[in-house]
């Protein structure tokens, strides 16, 4: 059975009473129905579920391979280039290349793409991640308490 909130106190109930309270027809719990005249008993209220239960989002992430320093160093050495020559070919500083090859500096994705072109080896991997956010459907509408502003 669907459970909904009392329009007056907000209490979650299985069964509500359609009650006339001060000229307004409300769906209220048994305790709140004493404030008016009961018109009918609502045993199986019908609610439309508008929210999806799961909201699936997919994200593409580009990451640098783990052993980028070793790959770059071996490929540079196999090309017969010094760090200074290699740096000048890709318009970077020699210290930058040295720090990348020792693992002290992780290159940005832009620099990694530049290195990929120069050495012809893939340094960036694409990872796809899916996130499922559970959206709980609202159990009932607003209560009178949701609209009351309390002055302090």
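Bear in mind these aren't lab numbers, they're just calculated from the coordinates by the rules spelled out. Just so it is clear, the model here is predicted, and its values are computed rather than measured. Cβ coordinates were reconstructed from backbone atoms using ideal geometry, including for glycine residues, and neighbour counts include every protein chain displayed.
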| field | Nearest-0.05 FRET efficiency for residue 70 and residue 90, computed from C-beta distance (R0 25 Å) | value | 0.85
| remark: Expected sort for 143, 19 with the fewest Cβ neighbours (10 Å cutoff) up front is 143, 19
| Quick one: if the Förster radius is 41 Å, what FRET efficiency do residue 59 and residue 9 give, using the C-beta to C-beta distance and rounding to 0.05? | 0.45
| At what distance in nm do the modelled label points of residue 40 and residue 24 sit from each other, each positioned 7 Å from its Cα along Cα→Cβ? | 2.1 nm
| task | Could you sort 85-93, 8-16 so that the peptide with the highest average Cβ count within 10 Å comes first and the rest follow in order? | result | 8-16, 85-93
